[in-house]
Amino acid sequence: MSKQIIIAEQHRIAAVFSEDQIQELIVAKGSHQVGDIYLGIVENVLPGIDAAFVNIGDSERNGFIHVTDLGPLKLRKSAGSITELLAPQQKVLVQIMKEPTGNKGPRLTGNVSLPGRYLVLMPYGRGVNLSRRIRSEAERNRLRALAILVKPAGMGLLVRTEAEGVPEEAIIEDLETLQKQWETVQQEAGTTRPPSLLNRDDDFIQRVLRDVYGSEVNRIVVDSSTGLKRVKQYLTSWNGGKTPQNVLIDQHRDRVSILEYFRVNAAIREALKPRVDLPSGGYIVIERTEALTVIDVNSGSFTRSATARETVLWTNSEAATEIARQLRLRNIAGVIIVDFIDMDANRDKLQVLEQFNKSLRADKARPQIAQLSELGLVELTRKRQGQNIYELFGRVCTTCGGLGHLVHLPGEADSFAAEPLETFRAAAIAEPRSLPSREPSREVWEKPGGDDLDLDSSSDLQELDLANHPSYSPSRGNENRRRRGRVRVGEPIARNPAGRIAPAEVANDDLGDRLDQDIAVEETPTPTPLPTRNSNREARPEKVANGRSGRRERPPAEPPQVVSVEMTEEEQDVYSFMGFHR
């Protein structure tokens, strides 16, 4: 399977493509990175948790080291308590094994290791170890014998997968480079005042090629001319002084950023979303919690199979492949629970688990998968390697604090609820005062009831909440409304001698609804009886059958009730401006 490596050295981001999909992201950002070697000072020792906190130069968070990770410090003494091994203000040589996350500082270890192209030198380790991916028994014997011969005294060696088939001279040269690097670290540790950084992989291109480059890579693209030269230099030195013929090394010269051109940024945006669509219509949902990561599999709109069993099996198989890719792409670590679609046949369960194991083999973090649980869940763990994609490119929402929702309890005002009526009144009063004088360019806005208001095209009026006003009554349907005394904005308003606007008149229940918040404008507040529903009909004799009258006579209507509302001049201007009239 061919691979491509895209390196954006300017942003210290690299992407590994396979079959036009990003399989892995390599990001080197932050003040603390995995592999950094520090000379630190022990701040305090906590025997209750068998751990200590070490100052490595971060004013906000100290590093955390457990008694099981002390390495050479623990080997020097046979005592078991951490208080007998470490003391406050003691100098310690430590290496970052886990980058800081959230409020937690970096995880430290005393077992320092220096990775190379073919070997990993462990100054405080013992023996020789070989990568499990080297399958050939003859090659394993050759590399084991070579490592035993060249291993420095008192140190340990790990032979990497890339050493398979490599000449002995290249492996020995790689070991000599690592030994010089360790000697430099020891010299700086003896002359530098703690806390201080002693060693870091500053060459990002070398780090990417060392960890990712292999025989299956057929193209490498970088974003600078200097980076292009260094890529050729490294590959030539690793290939016995010859430039590899099966690898295309290119420089990105387009005006568009290399991350945008190869859609790396687009892939990062998609990876930050919880939902991932599958090729056949199904989808998976990835949700993170403090303790673990939960992945749910759904069939979605899958319609390719004829039976339900085939649909479930096909969707679960696709999900297993995609989940393995998402774990590498998002760099999800810790405990992971996968909820596949329920399968009844044990044969189908084994097939999905086999597909899942096969897809996870390419992961260098070595996930450890368990069998299906009684509830049909697949449990696995994945070793943490650097920060995940959420920590690198995500930010916590300042509004909800990362919860994903806003809390609104009964009796509490909503953040988007309507403001009090007095606030709207003041805003509405200020609005007509700020309007310019009437001009011919004004537009006319027609209300559904047939009334219209002359509004300036640049004004943006807010709808008033008049539900609590004494003259408010809800409308019913599309009944005809009786209106009179139409008042337009800018025209004088008729007032009674007391200087008040005459209120709406209420004749009966039906008519009170029909008024629909209208305000009658008259010279005097004398009420005028409104016609009843049958006032325009001619009287006709009642039909009498079997001593019963066919139609009952309605009692006479009660006299209309007059409601008077006292309003200030500012309120009158607001109501007339909004077109409230009878």
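The values are calculated or read from the model by the stated rules, or taken from the named source; none is laboratory data. Since the structure is predicted, the reported quantities are computational estimates derived from the model, not experimental observations. Every residue, glycine as well, gets a Cβ built from its backbone with ideal geometry; the counts of neighbours run over all protein chains shown.
Restricting the search to segment 118-137, which residues are of a type in the set (D, E, K, R) and touching a Ser or Thr at 6+ places or on another chain (Cβ under 6 Å)?
Across segment 118-137, the qualifying residue is only Arg133.
Considering each of Val150, Val231, Val159, Val222 in turn, give the residue that is in contact with a His (Cβ under 9 Å, 6 or more places away or on another chain) and either at pLDDT 90 or above or among the hydroxyl-bearing types (Ser, Thr, Tyr) (or both). Of Val150, Val231, Val159, Val222, the one residue that is in contact with a His (Cβ under 9 Å, 6 or more places away or on another chain) and either at pLDDT 90 or above or among the hydroxyl-bearing types (Ser, Thr, Tyr) (or both) is Val222.
Of the residues Ala362, Ala370, only one is over 22 Å from Arg275 (Cα atoms), of a type outside the set (D, E, K, R) and in a loop (DSSP other than H, G, I, E, B); which? Ala362 is the lone residue from the list that is over 22 Å from Arg275 (Cα atoms), of a type outside the set (D, E, K, R) and in a loop (DSSP other than H, G, I, E, B).
Being under 30 Å from Tyr261 (Cβ atoms) and assigned to a helix (DSSP H, G or I) is the filter here, so list the residues in segment 181-208 that pass it.
Within segment 181-208, the subset under 30 Å from Tyr261 (Cβ atoms) is 200-208.
Passing the criteria: Phe204, Ile205, Gln206, Arg207, Val208.
Please go through (1) surrounded by 19 or more Cβ atoms within 10 Å (Cβ to Cβ); (2) outside any strand (DSSP E or B) for Val54 and return the number of the only condition it doesn't satisfy. Here Val54 meets the rest and fails (2). Name every residue in segment 212-231 that is basic (Lys, Arg) and closer than 24 Å to Gln23 by Cβ, in order of residue number. The answer is Arg219, Arg230. Of all the residues in segment 105-130, those that are under 36 Å from the mean Cα position of the chain (by Cα) and not aliphatic (A, V, I, L, M) number 10.
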